[in-house]
Amino acid sequence: MPNSRVLVVEDEPKVADFITRGLREESFQVDHAADGMIGKSLALANNYDLIILDLQLPRLNGLDLCKILRQQNSSVPVLMLTALGTLDDKLTGFEAGADDYLPKPFEFRELLARTKVLMKRNNAATEDNQLSIGDLIMDLHSKTVTRGGRNIQLTAREFALLELLIRNTGRVLSRAEIAEKVWDIRFDTGTNVIDVYINFLRKKVDKNFETKLIHTIIGMGYVIKVAEAA
Ligand code: CA
């Protein structure tokens with residue numbers, strides 16, 4: 001699954017390096033957090049396909065981080081890593097919401113195999129289901145959007161545009177790419193249709209909310225993300 005996004009939350013530099021380098025060689029997009037708090041902000045701000053989570057971490061341990069994600073209704077698959085390989089630890093990890101568990105030390109190919117299984121399972125479960133960013137949830141079945149529990153009415157084109165942005169959370173999309181994927185047209189520099197639709201979307205999705213999700217990157221395009229707290 002090339003281009004899948006993985007977050008590695010691991011404080012031991014050697015282990016973190018071993019995992020991130022290996023996954024990047026397999027064409028995954030990998031972010032790394034060296035403690036639980038950074039892991040938490042990254043995990044809540046982005047749509048990852050998998051989180052590889054060490055159990056013992058500075059500032060916020062893996063179990064508590066996993067619980068927080070589940071309380072926020074995140075269904076991202078979590079693979080828990082730990083040096084403690086006892087059954088009790090394993091059960092505690094599952095109770096906290098982890099999907100799988102890998103005791104250290106492990107071989108990279110074992111980690112990779114489990115990573116692929118978890119992603120496949122997750123794709124099957126969430127396909128045609130829900131996408132989310134921050135407090136905004138898109139239901140791809142019922143074609144409904146809510147933010148902070150409030151319904152947001154979107155036209156079909158606005159819905160497609162929002163879906164594209166969320167599927168690429170944190171990545172800047174050029175107008176040409178948006179035109180091609182949402183309108184199925186070659187980008188014509190004479191048209192401002194994308195800017196117009198982005199404005200429609202902003203009025204509905206961001207205007208009445210304190211945290212803005214849709215951001216303009218001048219000269220480049222648009223990105224959806226939960227901005228880092230100042
Ligand atoms: Ca650790």
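The values are calculated or read from the model by the stated rules, or taken from the named source; none is laboratory data. Predicted, not measured: the structure shown is a model, and the values here were computed from it. Every residue, glycine among them, receives a Cβ derived from its backbone with ideal geometry; neighbour counts consider all protein chains shown.
Determine whether Asp17 is within 12 Å of the ligand (Cβ to nearest atom), surrounded by fewer than 22 Cβ atoms within 10 Å (Cβ to Cβ), under 28 Å from Val172 (Cβ atoms) and of a type in the set (D, E, K, R). No.
When the residues of the stretch 1-14 are filtered to those that are within 16 Å of the chain's Cα centre (by Cα) and buried (at least 17 other Cβ atoms within 10 Å of the Cβ), the one that is farthest from the ligand (Cβ to nearest atom) is Ser4.
The condition of being closer than 20 Å to Gly170 by Cα, buried (at least 17 other Cβ atoms within 10 Å of the Cβ) and among the β-branched types (Val, Ile, Thr) holds for Ile52. Determine whether the stretch 84-93 contains at least one residue that is part of a helix (DSSP H, G or I), buried (at least 19 other Cβ atoms within 10 Å of the Cβ) and at pLDDT below 95. Yes - at least one qualifying residue is present in the stretch 84-93.
Residues of the stretch 29-70 that are away from the ligand (no atom under 12 Å from the Cβ), over 12 Å from the mean Cα position of the chain (by Cα) and of a type outside the set (A, V, I, L, M): His32, Asp64, Cys66, Lys67, Arg70. Among the residues of the stretch 143-163, is any in a loop (DSSP other than H, G, I, E, B), within 14 Å of the chain's Cα centre (by Cα), acidic (Asp, Glu) and surrounded by 13 or more Cβ atoms within 10 Å (Cβ to Cβ)? Within the stretch 143-163, none of the residues are in a loop (DSSP other than H, G, I, E, B), within 14 Å of the chain's Cα centre (by Cα), acidic (Asp, Glu) and surrounded by 13 or more Cβ atoms within 10 Å (Cβ to Cβ).
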